[in-house]
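One structure is given below, encoded as structure tokens.
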Amino acid sequence: MRKIILATLLLGSVIASVTQAATEQDDVEVITVTGDQSLVQMRSAVKKKRLEFYEAYNEINTEKYFDMLCEYRSKAGSNIKHIECEPRYVRLIRSEKIQDSFQGMALNPAMLPNDSDLVPYLRSEHEKAEAHMAKLIEENPELTDKWNDLLIAVYRYESQKALEKDEE
């Protein structure tokens with residue numbers, strides 16, 4: 001990414017001098033700089049790095065309550081599957097709240113809690129999970145490397161996405 005930015009700055013000065021010379025000439029050469037990966041490829045790399053990080057995290061993590069569980073799911077009405085990851089504690093709390101909604105009443109899908117109903121119950125658990133993950137990242141060099149790889153992939157993707165948006 002640094003190479004792209006430096007190349008863009010360098011080319012900016014070259015283009016400025018070419019533009020000045022072009023006012024005297026009718027021929028103008030246009031220089032376009034493109035990245036080595038498309039936005040789709042970068043997004044795919046982020047997903048891959050995220051899964052690699054979660055896999056390494058789950059191997060090191062001894063508190064299974066905070067494990068990251070990933071599975072392929074398709075949305076209602078679609079056969080296209082995509083990967084979704086969530087902590088084990090989210091599934092446990094969701095299950096508990098669904099069981100609570102069944103107490104003493106007939107099955108009514110409209111009365112089942114949705115994810116937004118779980119937010120108050122999950123807030124403190126998210127804080128605990130983040131602290132636990134941060135501690136493991138700090139203590140384990142191999143997990144630190146996976147985390148850094150993920151951050152770099154996210155940074156590259158977000159930077160390229162912003163760059164392409166600015167070009168529109």
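The values are calculated or read from the model by the stated rules, or taken from the named source; none is laboratory data. Quantities reported herein were computed from a predicted structural model and do not represent experimental measurements. What goes into the accessible areas is simple: the full protein's heavy atoms, side chains included, and nothing from ligands, DNA or RNA. Shrake-Rupley method; radii C 1.70, N 1.55, O 1.52, S 1.80 Å.
Some values worked out for this structure:
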item	result
Protein accessible area in region 39-168, 1.4 Å probe - carbon and sulfur %	53 percent
Entries of K64/K128; K48/K75; K47/K161 with Cα pairs more than 19 Å apart	K48/K75
HN-Hα J in Hz across region 89-97 - Karplus 6.51, -1.76, 1.60, θ = phi - 60°, x for Gly and Pro	4, 5, 5, 5, 5, 4, 4, 4, 5
